[in-house]
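Structure record follows, encoded as structure tokens.
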Amino acid sequence: MAVPIANHIRRLRFEAGEMTQGELAAKIGMTRQTVAAIEAGKYSPSLEAAFRIAHAFGVGIDEVFQWVEER
Amino acid sequence: MSFREKSAWITLVSVLVCFGIYFWELVASHAGGRRLGPLPSLHLLLLAVSGLVLLQIALTAFAAATTPKDARAPADERERLIQWRAHTLGYHVLTVLALLLFVPIHFGHSALDMANFALLAGVISTLCVCAAQIVMYRRGF
């Protein structure tokens, strides 16, 4: 089931010089598979992990994740 | 495939092979009219457990050698959550199977049979844990 949280990790990785999922995973202390699951919207990260991802890109957390209203 | 998913596959396959052979031998000997006594059963069990340990060590070492960085890294939050959910499922399966152990008591099974039923319950719950982990790793969560 898809989680009601959208993310812009793919775009942010592209803007960070085509950072790979593996490179992002190494920066935030997670596996590449977990980064892929977060990026695909299959897994909602913890608040700490969300902050780590935002910090890795040097942006605020709201630039990475957005709540999507359920209909 | 992450190292932990490989580990789940390794446990699933090795438990299936080793205890599959163990229970197959028990059933085959029972069907052939030569029921194994406590000592031959114990020898067979020791062989199955030894085989399981050796198979797991060999396959895990091979998996770790192919992905050394991944193998050294601690489990992240998603992996810990997957393990927790899978073990919760395994606990429920084991609880139900342990309760079902009261059924064969009424059919006059021996203490050895009951021990094997209990072992089978443990094996099935372990297989459920591994299968649940693999499904969650495959679908993302």
Query raised in the report: Taking every residue in B:76-85, how many Cβ atoms of other protein chains lie within 10 Å of its Cβ, on average?
Result: 4
**Report entry** Acute angle (nearest 10 degrees) that the helix B:38-66 long axis makes with the longest principal axis of chain B, alpha-carbon atoms
**Finding:** 10 degrees
Report summary line: For the range B:3-139, whose charge dipole is built from +1 on Lys and Arg Cβ atoms and -1 on Asp and Glu Cβ atoms, the candidate among B:Val53, B:Ala8, B:Met136 with its Cα farthest towards the positive end is B:Met136
Report task. Please list, in chain and number order, the residues 5+ apart from A:Ile5 or on another chain whose amide H is under 5 Å from its amide H, with Hs placed from the backbone. Result -> A:Val68
Query raised in the report: How far is the Cα center of the range A:6-71 from the Cα center of the range B:28-106, in Å?
Result: 36 Å
Query raised in the report: Where nothing but the Cβ of Lys and Arg (+1) and of Asp and Glu (-1) is charged, how large is the charge dipole of the range B:26-141 around its Cα centre, in debye to the nearest 20?
Result: 160 debye
**Report entry** Angle in degrees between helix B:3-31 and the longest Cα principal axis of chain B, rounded to the nearest 10
**Finding:** 10 degrees
Report task. Evaluate the relative contact order of chain B (contact order divided by residue number), counting alpha-carbon pairs under 8 angstrom at least 6 apart; express in whole percent. Result -> 38 percent
Requested in this report: Please average, across the residues of B:132-141, the number of beta carbons from any other chain that are within 10 Å of each residue's own beta carbon, and give a whole number.
Outcome: 3
Query raised in the report: Where a ≥ b ≥ c are the square roots of the eigenvalues of the C-alpha gyration tensor, would you call the range B:3-139 rounded, which needs a/c under 1.5, or, failing that, prolate if a/b is larger than b/c, or oblate?
Result: oblate
Query - Computed [θ] at 222 nm, helices only, for chain B once each DSSP H run of length n ≥ 4 contributes -39500 (n - 2.57) - result: -29500 deg cm²/dmol
Report task. Please name which of B:Gly32, B:Ile21, A:Phe51 has its Cα lying farthest along the dipole of the protein assembly as shown towards the positive end, using unit charges on Cβ (Lys, Arg +1; Asp, Glu -1) and the Cα centre as origin. Result -> B:Gly32
Query raised in the report: Which of the lysines could a cross-linker span from B:Lys6 if the Cα-Cα distance has to be under 18 Å and same-chain partners fewer than 8 positions apart are dropped?
Result: B:Lys69
Requested in this report: Taking the Cα centre of the protein assembly as shown as origin, work out the dipole magnitude from +1 charges on Lys and Arg Cβ and -1 charges on Asp and Glu Cβ, in debye rounded to 20.
Outcome: 360 debye
Report task. Please give the average number of partner chain Cβ atoms lying within 10 Å of the Cβ of each residue in A:36-45, rounded to a whole number. Result -> 3
Report task. Would you mind working out the magnitude of the charge dipole of the range A:5-56 relative to its Cα centre, with +1 at each Lys and Arg C-beta and -1 at each Asp and Glu C-beta, to the nearest 20 Debye? Result -> 80 debye
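Throughout, read-outs are computed from the coordinates displayed, never taken from laboratory work. Values in this document were obtained by computation on a predicted structure and should not be read as measured data. Positions of Cβ are generated from backbone atoms using ideal geometry, with glycine treated the same way; all protein chains shown enter the neighbour counts.
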